[in-house]
Structures are given as C-alpha cells and as structure tokens.
Amino acid sequence: MSTERQIDAPRAPGSPGGWDARSQELLADAALVREPAAWRGAASGAGAGPKAARRGGADPVKALMHRHRELCERAVDPLEIAAGLEAHGVTDRTAARFRHRDVFALAEEMYARVPRDEEERAVPVALPAPSAPEVPAARALIALLPGAACGLAVAGLELSEGRARLAVGIGGALAVAVALLVTLRHGPLRSAHRALPATRAWTCLLVAYALFGDGLLRAAVSAGPGGLPAPSTAAALGLALAVAPAAWCVRLFAVRAQARLSLSRGLTEFTASVRPLLLGVLALYLCALAALLVGAAALSGTAVGAGAGALGALLLLSRLLRTYGFTRAPALMLGFAGAVEAASLACGFAGRLPGCAWLAAPVEGAVRAWGPGVVPLVACGAAAGVLLLHSLRVLSRASAHAGGAS
C-alpha cells in the first residue's frame, strides 16, 4: 500500500506528456507558413547545425515554396524561379541559410519539388541558348526608317527655297516622327510599358533644343536679331541615323544578358558579367553615334557640338530602361536635362531686360568660354551619367531579364 500511495501521490509530471518535441516542431512548421518573416528565423536556426534542422518536420524550403506558390507553379525553368526570388529580396546570403550555395541552387530544388503532371515531366525544359538568335530582317529594316526619312527631308531642304522650303521642313518633320513611332512600337526598342506624359514632353523639348537651341542661345548672349534660327540639320540627321545602332545595341544587350543568365551559377557571377556588357554596348553605340554625327556634319558643312552626343546617350539609356519596365528614373532625368536647357535659354533672354543682366551672367560666361554647346553637354551628360549608374544597378539583376530577350 505504501508503494501504491507513492505512485498515486500528486507530483510534477516527469515526461512531456501531450506537449512533446513533435508538437513544438509542428507549431514551428505552421508558423513558417503563416508568418511571412518566420522562415528567416527558421533558416537562421537551421544554419546553427544540421541536427537542429533535420530533427523534426520543420521545412523552411517548403514554407518558402508556399509563399511563392504561384511563381513555382508557372515557372518553366529554375531560372525564372531564381529571378523571382531575387526580385523579392532573396540573396545568395539568404540561400546559404537554407544550406544552398546560391539562389540558383535553391531555385533548382524548389523547381524540382513542385508537383507536376507526368506529361509535363516527360517534356524536357529547354534553357535559353547561349548563342544569340538571329534578328528578323523586318525588324532590322524598321530601325532604318527614321534615318531614311530624315535624310530625304534634309535633301529636300537643301533643294527648296521660300515657302516650299517651309512645307518640306514641316512634312519632313512629320515623316521622321511617324517613322520613329513605328520603330519604337515594332522594333527592338519597343516597350510594353506606357511612357509617362512628362517623358514625351521632355523628350520633344530636348530634341527641339538640339535643332534650334544653340542658335537661340547664341542670339540671346550676343543680343542679336530675334526670330527662329535655322535648324541644325547635321544634329537632326546624325540623331535620326543613330536610331538604327541604338536598336541593334539594345537587342545585343538583351540577348547577351539572357545568355549569361543561363550560364551563371550565382547572382554575384551574373552581376559581374552583365555590368561590363552594358558598358561595352554603350561604348559601341557612342562610337557609332560619333561617326554618324561627324559624317552628317561633313555632308551639311556645319559643325555639330558634343551636346548632340550626350543627348543620344541619354535617349538610349532612357529607352533601354523603359524596355525593362523602369520608367520613373528616365522621366526624372529627361526632365532635369530639359529644365536645365530651358532655364539657360530663359536666363539668356531675361538678361536683355533692364536691370536683369545678372541673370544672364553665368550663361554668358559659359557660352563665351566654351560655346553654346556647353549647355546641352552639361545637362544631358549629367543626366546620362546618373541613368548609367542606375542602369548598372537595376539591369544587373536576374529579375530584369527573366522574361527573355526581345
């Protein structure tokens, strides 16, 4: 009896009972699925030791798949999952907490663990080929339309006089605008994202300044006769002809970046390979633009300032970012360059007013020292530099190239 009383006597439980280690693990697993930030804690705990990660049923990779279920189900290859994870802030360091060397390896496991039908499993997944596919001939020819239209317009201006010259100029400007619109909608420069209204307005202002700005600023500084100066046909022809190399360079960057995405085994490796590619493509375009501007200047017999080259670089980077869905930064930088040029002209003409000569003093000093082309060179060059830094940051992400080359 004494032994039975000791057994039946109330005392603290000596075993976990209904709340054991298995219950704690199930609760942790449920928290991984329920809380968006819980998988980070579980992943960091898993990195403390293999026994702690494999002891129970907690599976941080499974919880990560639950959070990105739609991405995993619609992905056609692991690269698309890797790009989606990177877009959501998952880095190689985060993947290491899941015991994977990088995001690409983590994406491969997630892709392999997604349940699929047997028919889908039987179809092999074709990764993007490292070699660049051929550009259709029609798209390559479309990029030549603005240059051809501008060349005909410039030739018409040289052969006409009086009212006929004005009519030819207006008709040529409309023809170039239509050709450029067709190129932007159907060529390699096309974008699925609508441009902001401010982007179009500032772009038109920058192009108008490239045609008439230097003459207007020279007249404002020298207090010469008013009226609209003759347009810079050399700058117009050079920029129009540069649309074709711009389209080909954008196409080249898209294809090469997509190929390097298929060959890279980590986000760091992909970033390190894409940034030199972007700089090389930009340098190639600038060389082509400089050659076209020099050739146009030789044909027209007039000089072309470096501001036209800076404008071409700014327009290329703006369009390149737009093709990948980044529209805010181009709008801001185009607005900055346009505002600087408009303010320079306004200050130059305001200096003619009595007592307002101080407004035009900085502009007059810069123009007399370096010429009227210094204004577009500084304005467009500074804006293009900012866009280049922004492009090196955002276009080196795998998520920017997940859709494939256009």
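The values are calculated or read from the model by the stated rules, or taken from the named source; none is laboratory data. As the structure is a prediction and not an experimental result, all values here were calculated from the model. Glycine also receives a Cβ, built like all others from the backbone with ideal geometry; neighbour counts cover every protein chain displayed. Remember, those area values only see protein heavy atoms, side chains included, never the ligands or the DNA or RNA. Shrake-Rupley method; radii C 1.70, N 1.55, O 1.52, S 1.80 Å.
Just a few scattered comments:
- Here the stretch 325-406 has 71 percent of its accessible surface on carbon and sulfur atoms, given a 1.4 Å probe and all protein chains in place.
- Applying 1/(1 + (r/R0)^6) with R0 = 51 Å to the Cβ-Cβ distance of Arg67 and Leu388 gives a FRET efficiency near 0.90.
- Here the Karplus relation 6.51 cos²θ - 1.76 cosθ + 1.60, evaluated at θ = phi - 60°, turns the backbone of the stretch 159-165 into coupling constants of 9, 10, 9, x, 5, 4, 5 Hz, with x for every Gly and Pro.
- FRET efficiency for Ala177 and Glu269, using Cβ-Cβ distance with R0 set to 41 Å, rounded to 0.05: 0.40
- In a DSSP loop and with at most 16 other Cβ atoms within 10 Å, the trypsin sites (Lys or Arg not before Pro) in the stretch 259-344 are Arg265.
- Positive contributions from Lys and Arg (+1) and negative ones from Asp and Glu (-1), summed over other residues with Cβ under 13 Å from the Cβ of Arg200, come out at +3.
- For Ala148 and Ser222, the difference between the fully extended length at 0.36 nm per residue and the C-alpha to C-alpha distance is 23.0 nm.
- Remark: the stretch 316-323, residue by residue, has Karplus-estimated 3J(HN,Hα) of 5, 5, 5, 5, 4, 5, 5, 5 Hz, where x stands for each Gly or Pro and the curve is 6.51 cos²θ - 1.76 cosθ + 1.60 at θ = phi - 60°.
- Counting charges near Ala283 (Lys, Arg +1; Asp, Glu -1) among other residues having Cβ under 15 Å from its Cβ returns a value of +2.
- Under Karplus coefficients 6.51, -1.76 and 1.60, residue-wise ³J(HN,Hα) of the stretch 300-305 in Hz, glycine/proline x: 8, x, 10, 7, 10, x
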